[in-house]
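Below is one structure; the comments refer to it alone.
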Amino acid sequence: MSSNRKYRILIVEDSTISSYIVKRLVRASGFFEEPAIREDGRSALKYLEGAQRNHRFPDVIILDIQMPGMDGIEFLEWYENDFYENYPKTKIFIFSIENPSETQSKILRFNAVDSFISKYQDGSFLTTLLQRLALQ
């Protein structure tokens, strides 16, 4: 990926506080375009359909697991069926308060998932995310 191009990012998070914090960190990094934010899996899938039509599919998706309506697991099922084959380089980071070992047992079956980020982690998760993107 060109170092001149900024990464596109979608944040799927129902907590306005959590999405605000992630958005601020992403903006401050200077490596991302303005983040798109959706509050549940269903609205995120609709966003991705539009992004696909407009050739603006995100490079990164930060996904909460526990959300009302369509949760993160159901989103991943739809994502793998509808988008993964065309966008295998898009990295999905699970952003959750759940115990990582419990969450990993739920998400290991999804090829699109890159790694787990704890909501209790400080802003160092952004460094991890950027390192993972550099491996593309």
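The values are calculated or read from the model by the stated rules, or taken from the named source; none is laboratory data. This structure is a prediction, so every number in the text was calculated from the model and none was measured. Side chains are part of the model used for accessible areas, which takes the heavy atoms of the whole protein and leaves out ligands, DNA and RNA. Shrake-Rupley method; radii C 1.70, N 1.55, O 1.52, S 1.80 Å.
Of the solvent-accessible surface of region 1-118, computed with a 1.4 Å probe over protein heavy atoms with every protein chain present, carbon and sulfur atoms account for 46 percent.
Please grab the % of Cα pairs in region 1-57 that end up more than 16 Å from each other. It works out to 47 percent of all Cα pairs.
Once you have the Kirkwood Rh of region 1-105 from its Cα pairs, apply Stokes-Einstein at 10 °C and 1.306 mPa s and quote D in µm²/s. All intermediate terms of the calculation are to be shown ahead of the outcome.
On the way: Rh = 14.1 Å.
Reported coefficient: 113 µm²/s.
Accessible area per residue, 1.4 Å probe, Å², for region 1-84: what's the number?
On the way: 4390 Å² over 84 residues.
Result: 52 Å² per residue.
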